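Nothing in this text is a laboratory measurement; each read-out follows from the coordinates by a stated rule. Please read all numbers here as calculations on a predicted model, not as lab measurements. Backbone-built Cβ (ideal geometry, glycine too); neighbour counts: all protein chains shown.
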Amino acid sequence: MRVVLVATRNPLNIGAAARAMSNFGFLRLRLVNPYDPAFREARSAVGASALLAKAEQYDTVAEAVADCTLVVGTTAVGRRVLQHPLKRLEQGARLIRKRLASAPVALLFGSEKFGLSNEALSHCHWLMRIPTREENISMNLGQAVAVCLYELVRDAKIARETGKPKLAAARDVERITAMLLEALRASGYIDRRRVADADERIRRLVRRLNLLDRDANLWLGILHQILWKLGSRKDPKEE
């Protein structure tokens, strides 16, 4: 499990998240553009200073989730119009536990003020929410991390998947997305439609395909051939 905090503003919340991770046995913390670079000294990381010291920093969400086959975003929803399937915490935790038996999973949390941006959400396969009351839907970031991780370990018997094919890692899915966008622009498809959030729509579309790891290279080869025919790439035989 990779717990990914995106654009977190308060270093105390990062420390609290690290403490919750240490409580429940999750040791891979990743941060995307944290607001305060001094987060590694957060006093709220009681018993989790080593975990916090090893936290990995990234410039983009794509880099932070590159090695994961499942990327799940968290949201309080509110008035937001969602473009992803939304699951309650208990349902989402069951699905995450199953995937963790065979592959890395990223669980994303957004900034305290705005949550996850639409661009960050476009990297997710689906979203998960904690069932809070409508009158007060949002939780403190550290508390939200603790609640989600507790739900993941609440059933000690982790479900295991056997005989199921391995899904493509996020890094390969993002490469496929980038090449598909390049092909759509080279063909004029995106220009004709003039959709402002075209990149995010295409990224979500590709992730809904749940591509298999064994098929990723095939799709990359197909898209490379298309781009070559469109004049955007060199002949694959020459590379």
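What the table shows:
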quantity	calculated
Convex hull volume per residue in cubic angstrom - Cα atoms of region 170-238	80
Within the chain, helix-based [θ] at 222 nm, where runs of 4 or more DSSP H residues each add -39,500 (n - 2.57), nearest 500	-13000 deg cm²/dmol
Max mean-square fluctuation residue, GNM over the chain, Cα-Cα springs under 10 Å, options 59, 213, 191	191
Within region 170-238: Cβ-based charge dipole about Cα centre, in debye rounded to nearest 20 (Lys, Arg +1; Asp, Glu -1)	200
Computed magnitude of the charge dipole of region 2-154 (debye, nearest 20; Cβ of K, R +1, Cβ of D, E -1)	460
Positive minus negative residues near residue 60 (Lys, Arg vs Asp, Glu; Cβ under 15 Å)	-3
Separation of alpha-carbon centers, region 169-199 and region 62-101, rounded to whole Å	23
Pairwise label distance in nanometres, residue 201 with residue 143, each label 7 Å out on the Cα-Cβ vector	3.8
Summed side-chain charge close to residue 3 - residues other than residue 3 whose Cβ falls under 9 Å, Lys, Arg +1, Asp, Glu -1	+3
Relative contact order (percent, whole number), region 1-90, Cα cutoff 8 Å, 6+ residue spacing	29
Dipole axis of region 170-238 (+1 Lys, Arg; -1 Asp, Glu on Cβ), positive-most option in 217, 179, 205	205
Lys pairs under 17 Å by Cα in region 82-210, provided they are eight or more residues apart or on distinct chains	4
